[in-house]
Amino acid sequence: MNSRKLYLRGLKDGFPICLGYLSVSFAFGIFAVGAGLSIWQTILVSLANVTSAGQLAGVPIIVGSLPLVEMVLTQFVINLRYSLMSVSLSQKLSPRVKLLHRLAIAFGVTDEIFAVAISQKKEVETPYMLGLITSPVFGWVLGTALGALAGDILPEMVVSALGIALYAMFVAIVIPPAKKNHAVALCCLLAMAMSAAFYYIPVLSEISAGISIIICALVSGLLFAWIAPIPDEEKKGPSDHEADGAGKEVAT
Amino acid sequence: MIRTDVFFLYLVVMAGVTYLIRMLPLVLCRKKIENRFIRSFLYYVPYAVLSAMTIPAIFYSTGCLLSAILGLACAVILSLLEKKLLTVAIGACGTVFIVEYVMTFFG
């Protein structure tokens with residue numbers, strides 16, 4: 001497939017993410033202006049960071065002019081999950097992807113873009129990644145601007161309905177492999193149970209969402225890598241192979 | 001209103017930390033990892049991350065718990081049928097919208 005086609009395919013795959021981001025960033029726009037940033041500052045924060053949880057935590061630190069070290073620590077902890085994703089994505093990128101392109105792609109590593117990239121059957125190339133990143137970043141900045149400009153431009157019920165879009169997409173990414181592979185399904189159930197525990201159990205709920213996600217992912221991932229390792233690589237394409245191979249591993 | 005130079009200082013620090021976290025692993029891990037345990041770990045992690053991010057946050061992503069539960073149910077059913085991402089997302093949003101619209105008639 002040529003670069004143009006790959007780029008367009010990425011663009012198409014990124015479109016649902018763009019829709020989901022519109023609503024989330026819309027909410028962020030309202031929040032940041034309410035907290036005391038100007039419209040331009042709010043838009044710049046979204047353009048420079050492209051991360052929901054990190055931005056939500058960062059704005060009060062800017063507005064309150066809290067110590068810079070607090071900004072560093074908060075962003076580090078909340079966004080540390082991206083480094084796990086980047087390690088995973090580094091294995092998914094074609095070896096042909098050059099350093100300069102890696103530097104560009106790194107800017108767009110978000111939960112959703114990562115999830116779509118990793119669910120591709122084959123290795124991914126630069127044009128596909130750039131296409132995949134384009135519309136979500138556009139949607140993220142546009143939604144922020146709209147939210148910052150006019151908090152009540154959309155009826156409340158529409159905002160509410162769009163709120164579930166990103167999570168529905170996560171469900172759509174997780175369920176098909178979980179259906180085929182029991183180890184994946186169990187790993188997901190463990191992560192969900194732990195995440196719910198972090199949310200609902202009083203002492204645990206004091207731990208920030210960023211850290212709790214890291215703990216859930218590390219524990220579930222390490223446990224299943226230990227009890228249900230995927231088969232060694234053969235000549236087949238890596239992802240198809242792993243998807244049905246790990247299931248057999250559990251069955252035997 | 002915060003001073004512009006102070007704002008940019010915070011913005012650069014914030015965006016710099018966020019970018020480095022994303023960029024370093026992508027640039028440093030350029031070879032295929034051979035170790036079976038690490039490859040298995042990296043295979044499971046994305047699904048674990050997405051699961052942990054979805055539950056329980058999805059229950060609070062809409063106007064009320066009921067619409068969120070029904071929206072989730074719709075997403076699960078469409079995903080089990082292996083529909084496309086966009087179809088699943090629109091289906092869930094549509095379900096939430098309809099449920100909340102119907103609920104307005106019951107106060």
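The values are calculated or read from the model by the stated rules, or taken from the named source; none is laboratory data. Note that the coordinates shown come from a computational prediction; the quantities given were computed from them, not determined experimentally. All Cβ positions, even for glycine, are placed from backbone atoms using ideal geometry, and neighbour counts span all protein chains on display.
Structural remarks
- Selection from the range A:190-235 of residues that are hydroxyl-bearing (S, T, Y) and at pLDDT 90 or above: A:S195, A:Y199, A:Y200, A:S220
- Taking the range B:21-63 as the range and being part of a loop (DSSP other than H, G, I, E, B) and either more than 7 Å from chain A (Cβ to nearest Cβ) or of a type outside the set (S, T, Y) (or both) as the test, the residues that pass are B:C29, B:R30, B:K31, B:K32, B:I33, B:E34, B:N35, B:I55, B:P56, B:G63.
- Residue list for the range B:76-98, restricted to those being at negative phi and outside any helix (DSSP H, G or I): B:L81, B:K83, B:K84
- Single residue of the range A:205-231 satisfying the filter (more than 9 Å from chain B (Cβ to nearest Cβ) and in a loop (DSSP other than H, G, I, E, B)) that is surrounded by the fewest Cβ atoms within 10 Å (Cβ to Cβ): A:I207
- Only one of the listed residues (B:L72, B:L66) is within 8 Å of chain A (Cβ to nearest Cβ) and at pLDDT 90 or above. That residue is B:L72.
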